[in-house]
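Enquirer: Have a look at this one before I ask anything.
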Amino acid sequence: MDITLSSDIKYLKGVGPKRAECYNKLSVNTVKDLIYHFPRGYIDLTSCTPIKDACVGEICAVAGRIAKKLPPARIRKGMTIFKAVFTDDEEDMTVVIYNSEYLFNSLSEGEPIILYGKISGNLVRKEISSPTVFKIDASKTMQPVYPVTEGLSQTLVRSTVQNALSLINDRIYEPVPKDILKRMGLCSLAYALYNIHFPPDEYSMRTAKRRLVFDEFLTLGLGMMLLRGRNREKTPNKLYSADLKEFYKNLSFELTACQKRSIKECVDDMQKDRPMSRLLQGDVGSGKTVVAAALAYFVFKNKKQTALMAPTEILASQHYDTLREFLEPLGVKVGLLTGSVSAKEKKILYEKISAGDIDVVVGTQALYQQSVEFCDLALVITDEQHRFGVEQRASLSKKGENPHILVMSATPIPRTLALMIYGDLDISVLNELPKGRQRTETYAVTGKLRQRAFGFIKGELDKGRQAYIVCPVIEDNEQDLKSVKSYANELSQNEFFGYSLGLLHGKMKPKEKEEMMLRFKSKELQVLISTTVVEVGVDVKNATVILIENSERFGLSQLHQLRGRVGRGSEKSYCILVTDSPTEECKKRLKIMSKISDGFELSREDLKMRGPGDFFGSAQHGLPKLKIADMSEDMEVLQKAQLEAQMIYESDPELSEPHHKGLKAIIKELFERRYD
């Protein structure tokens, strides 16, 4: 059988059906997938360390031979220690192997080898425990270390990747036009793929990586531009200039400069003959809803309808109340459509929406159900966009004829990154807090001060305020939930005995979560103990303190989002970060949290410290996953790739030129599952 890059991995030499299942767990299904299964690191065998220079505690490679194998020592049932004397003819060290007779037997006395591992022992007698063993002929390379799973060893994956790479020289298509490669000083794709896996030195590896990172950013940026172009067909909803003075006069506060600027940008967009497609990006509590209200009023003045979709019923209800306050005095009719609205009320609502008797419809996913028909939908607003799939946003847009789109997000991220993630949207930024909004004081403490922190919370509760206590359940598994429940139980019986406490976690049904949040919002509960599911954007003005347990387990951006649950009213608010493992890195991060309150600045720090993998969470934004590029480390390549993508798109928006055929195929493959 002729093996090609698109062949099933099971047909590759050395794989077979059983091992193919292991590869499938790593999302490696074809030969091409394996070639793009990049190493997560390398063992550098190009410069070995003499034994005398190998420092205790360091990981290094040492070259030499086994001088003598010692008898095995069985120290207890099921535990055997194997030892050997290793020498580089200048100095000796002891090789210690636990419970692996196979590894011990593979060592032959006198045979030249390289050992790679952590040096232990002391200055007099150095040891290396359970090292990785390489034949001396590997000494001219950097050995790749791959993400693996049970049933696959590093040696096996290396061998299989070599088999796959032998197929590419005459079969790999060069997708990037030659003039771009020359301008950017990039190597060929065949060179990059071989040298990312088996580079002879660090320079070759970096040369290969730069090419592959560029390809990834170029195709991602270009793909987002194509999406954006596809969304820019002409719209019958071109709106006309309308006076917003009445709206501004009705407000009990003055808008910030960036709120006014964002409203103007959106209003200008909606007066063009192509639909607005804009991201309103604002820090926690920056006042996005009032911008949405101003735009809904502008649409109302044009005698058309607006739909605002929120991810949960409680957020939808909150938006409904706020929009009514802003708009109903001006004659705008606002309706609320969620799953819990009774069948009878829904029927009446459907009739009013289709007749145009409701100007602004606020709701959850219930908005894009088949039975909902709008009279003249001109503007679609989605709040907390990352909580919706692209398909859901598209389904709501289909309720109108190419309506204007506004996406609101409370995740502040640097502009270059936002352009990549939301490449199909223009961007408006709210980067100043409304007047009168106070900065939340943030304190980082160790577990020794936990009781004192509880005492401080009780002081706030006794003043009639409310508090959140957050526990870091990452996966909502049974064990974690058990510990959160017992923690909540312990607090209710001891430190917070006599106070009313509620518990919120991810395993609860949506209806139960809604009820718990409503009880907290209506002041029936004084303390809400919650996992990270505590709703983004939920506005409980009376909550003035949030305590976050095991705060070292969160990224800066997530801590900032959680901190945003308080400080929503006029009272002074506090955030207490508790940790029981104050490592140096943890101290550094919590110190940053205590000092910086600006979300955009924090997101930059978060990117530096954690990288975008953690920063964005699990593919929240619907982006194809990056395999090798790192948005924090590779910012320079990202910016250059964006410029090249822009030039390609402007000269050939359909990618119909023959020299863009390869790029078009990659983009189609990259995006078809997510954006079909």
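The values are calculated or read from the model by the stated rules, or taken from the named source; none is laboratory data. Please read these numbers as outputs of a predicted model, since none were measured by experiment. With ideal geometry, Cβ positions are generated from the backbone for all residues, glycine too; neighbour counts draw on all protein chains shown.
Enquirer: Restricting the search to the range 147-158, which residues are surrounded by 15 or more Cβ atoms within 10 Å (Cβ to Cβ) and either β-branched (Val, Ile, Thr) or free of Cβ contacts under 8 Å to residues at least 60 places away in the same chain (or both)?
Expert: VAL148, GLN154, VAL157, ARG158
Enquirer: Among the listed residues VAL31, VAL85, VAL56, identify the single one that is modelled with pLDDT of 90 or more and farther than 28 Å from LYS627 by Cα.
Expert: VAL85 is the lone residue from the list that is modelled with pLDDT of 90 or more and farther than 28 Å from LYS627 by Cα.
Enquirer: Oh, and also: Just name the residue that is surrounded by the most Cβ atoms within 10 Å (Cβ to Cβ) out of those in the range 331-360 that are among the hydrophobic types (A, V, I, L, M, F, W, C) and without any contact (Cβ under 8 Å) to a residue 24 or more places away in the chain.
Expert: Step by step, filter the range 331-360, then rank; the result is LEU349.
Enquirer: Also: Restricting to the range 605-645, and then to whatever is in contact with a His (Cβ under 9 Å, 6 or more places away or on another chain), in a loop (DSSP other than H, G, I, E, B) and more than 30 Å from LYS178 (Cβ to Cβ), can you tell me which residue is modelled with the highest pLDDT?
Expert: Once the filter is applied, the top-ranked residue is GLY622.
Enquirer: Please give the number of the condition PRO144 fails out of (1) modelled with pLDDT of 90 or more; (2) loosely packed, with under 15 Cβ neighbours inside 10 Å; (3) under 21 Å from ILE59 (Cα atoms).
Expert: (2)
Enquirer: Considering the range 335-370 alone, what residues qualify as being among the β-branched types (Val, Ile, Thr), in a loop (DSSP other than H, G, I, E, B) and within 19 Å of PHE300 (Cα to Cα)? Even if it seems obvious, please write down each step before you answer.
Expert: The initial filter retains those residues of the range 335-370 that are among the β-branched types (Val, Ile, Thr), namely 338, 341, 348, 353, 358, 360-362, 364.
Still in the list and also in a loop (DSSP other than H, G, I, E, B): 338, 341, 358, 364.
The one that is among the β-branched types (Val, Ile, Thr), in a loop (DSSP other than H, G, I, E, B) and within 19 Å of PHE300 (Cα to Cα): ILE358.
Enquirer: Out of curiosity, is LEU577 in contact with a Cys (Cβ under 9 Å, 6 or more places away or on another chain) and buried (at least 21 other Cβ atoms within 10 Å of the Cβ)?
Expert: Values: in contact with a Cys (Cβ under 9 Å, 6 or more places away or on another chain): no; buried (at least 21 other Cβ atoms within 10 Å of the Cβ): yes.
So LEU577 fails the test.
Enquirer: Filter the range 170-201 down to residues that are over 20 Å from ILE666 (Cβ atoms) and at pLDDT below 90 and give me whichever is surrounded by the fewest Cβ atoms within 10 Å (Cβ to Cβ).
Expert: PRO200
Enquirer: Related question: Going residue by residue through the range 512-533, is there one that turns out to be among the β-branched types (Val, Ile, Thr), over 17 Å from ILE457 (Cα atoms) and in contact (Cβ under 8 Å) with a residue 60 or more places away in the chain?
Expert: Within the range 512-533, one or more residues are among the β-branched types (Val, Ile, Thr), over 17 Å from ILE457 (Cα atoms) and in contact (Cβ under 8 Å) with a residue 60 or more places away in the chain.
Enquirer: In the range 525-553, which residues are at pLDDT 85 or above, hydrophobic (A, V, I, L, M, F, W, C) and outside any strand (DSSP E or B)?
Expert: LEU525, VAL540
Enquirer: Another one. From the list LYS245, LYS303, exactly one residue is out of contact with any strand residue (DSSP E or B) (no Cβ under 8 Å at 6 or more places or on another chain), farther than 30 Å from PRO510 by Cα and either among the hydroxyl-bearing types (Ser, Thr, Tyr) or free of Cβ contacts under 8 Å to residues at least 60 places away in the same chain (or both). Which is it?
Expert: LYS245
Enquirer: Return the pair list, or none, for Cβ contacts closer than 6 Å from residues in the range 13-32 that are within 16 Å of GLU150 (Cα to Cα) to residues that are among the polar types (S, T, N, Q), at least 6 apart or on different chains.
Expert: That search, which allows pairs on different chains as well, returns CYS22/THR149; LYS25/THR149; LEU26/THR149.
Enquirer: Which one of the conditions (1) of a type outside the set (Gly, Ala, Ser); (2) surrounded by fewer than 24 Cβ atoms within 10 Å (Cβ to Cβ); (3) within 30 Å of the chain's Cα centre (by Cα); (4) part of a loop (DSSP other than H, G, I, E, B) does PRO275 fail to meet, given that it meets all the rest?
Expert: Only one criterion in (1) of a type outside the set (Gly, Ala, Ser); (2) surrounded by fewer than 24 Cβ atoms within 10 Å (Cβ to Cβ); (3) within 30 Å of the chain's Cα centre (by Cα); (4) part of a loop (DSSP other than H, G, I, E, B) is unmet by PRO275, namely (2).
Enquirer: If we keep just the residues of the range 1-12 that are assigned to a loop (DSSP other than H, G, I, E, B) and free of Cβ contacts under 8 Å to residues at least 60 places away in the same chain, which is farthest from LYS209 (Cα to Cα)?
Expert: MET1
Enquirer: Also: Condition first: of a type in the set (Gly, Ala, Ser) and buried (at least 21 other Cβ atoms within 10 Å of the Cβ). Now tell me which residues in the range 504-538 satisfy that.
Expert: Of everything in the range 504-538, those that are of a type in the set (Gly, Ala, Ser) and buried (at least 21 other Cβ atoms within 10 Å of the Cβ) turn out to be SER530, GLY537.
Enquirer: Is the range 159-169 home to any residue that is assigned to a helix (DSSP H, G or I), within 30 Å of the chain's Cα centre (by Cα) and surrounded by 15 or more Cβ atoms within 10 Å (Cβ to Cβ)? Talk me through it step by step, then tell me what you get.
Expert: Of the residues in the range 159-169, the ones assigned to a helix (DSSP H, G or I) are 159-165.
Among the residues that remain, those that are also within 30 Å of the chain's Cα centre (by Cα) are: 161.
Retained after the next criterion (residues that are surrounded by 15 or more Cβ atoms within 10 Å (Cβ to Cβ)): 161.
Yes, the range 159-169 contains a residue that is assigned to a helix (DSSP H, G or I), within 30 Å of the chain's Cα centre (by Cα) and surrounded by 15 or more Cβ atoms within 10 Å (Cβ to Cβ).
Enquirer: Quick one: is PHE198 within 29 Å of the chain's Cα centre (by Cα) and under 30 Å from GLN162 (Cα atoms)?
Expert: For PHE198, the condition - within 29 Å of the chain's Cα centre (by Cα) and under 30 Å from GLN162 (Cα atoms) - is not met.
Enquirer: Here is a further query. Within the range 46-95, can you find the residues that are buried (at least 17 other Cβ atoms within 10 Å of the Cβ), under 14 Å from ARG125 (Cα atoms) and among the small types (Gly, Ala, Ser)?
Expert: Matches in the range 46-95: ALA54, ALA84.
Enquirer: Considering only the range 103-121, state which residues are surrounded by fewer than 16 Cβ atoms within 10 Å (Cβ to Cβ) and without any contact (Cβ under 8 Å) to a residue 60 or more places away in the chain.
Expert: Of everything in the range 103-121, those that are surrounded by fewer than 16 Cβ atoms within 10 Å (Cβ to Cβ) and without any contact (Cβ under 8 Å) to a residue 60 or more places away in the chain turn out to be ASN105, SER106, SER108, GLU109, GLY110, GLU111, PRO112.
Enquirer: With GLY389, GLY363 as the choices, which residue is exposed (fewer than 15 other Cβ atoms within 10 Å of the Cβ), under 28 Å from the mean Cα position of the chain (by Cα), modelled with pLDDT under 95 and not aromatic (Phe, Trp, Tyr)? Talk me through it step by step, then tell me what you get.
Expert: Values: GLY363 fails: exposed (fewer than 15 other Cβ atoms within 10 Å of the Cβ).
Only one candidate passes the filter, namely GLY389.
Enquirer: Okay, next question. Is it fair to say ARG568 is in contact with a strand residue (DSSP E or B) (Cβ under 6 Å, 6 or more places away or on another chain) and either of a type in the set (Lys, Arg) or not assigned by TED's automatic domain parsing to the domain that holds GLY464 (or both)?
Expert: So ARG568 does not fit the description; no.
Enquirer: In addition: Six or more apart or on different chains, Cβ under 9 Å: which pairs go from a residue in the range 433-451 that's in contact (Cβ under 8 Å) with a residue 24 or more places away in the chain and in the same structural domain as SER573 (by TED's automatic domain parsing) to one that's in a strand (DSSP E or B) and surrounded by fewer than 14 Cβ atoms within 10 Å (Cβ to Cβ)? Could you list them?
Expert: none
Enquirer: Still on this structure, please answer the following. Being among the β-branched types (Val, Ile, Thr), more than 19 Å from LEU45 (Cα to Cα) and in contact with a Gly (Cβ under 8 Å, 6 or more places away or on another chain) is the filter here, so list the residues in the range 86-144 that pass it. Please lay out each step first, then the result.
Expert: As a first pass, look at the range 86-144 and keep what is among the β-branched types (Val, Ile, Thr): 87, 94-97, 113-114, 119, 124, 128, 132-133, 136, 141.
This time we only want the ones that are more than 19 Å from LEU45 (Cα to Cα), so: 94, 96-97, 124.
THR94, the sole residue that qualifies.
Enquirer: Can we say LEU602 is in contact (Cβ under 8 Å) with a residue 40 or more places away in the chain, part of a helix (DSSP H, G or I), of a type in the set (A, V, I, L, M) and in the same structural domain as LYS511 (by TED's automatic domain parsing)?
Expert: Judged against the criteria, LEU602 is not a match.
Enquirer: In the range 235-253, what count of residues is obtained for those that are farther than 17 Å from ASN302 by Cβ, modelled with pLDDT of 90 or more and in a loop (DSSP other than H, G, I, E, B)?
Expert: The qualifying residues number 1.
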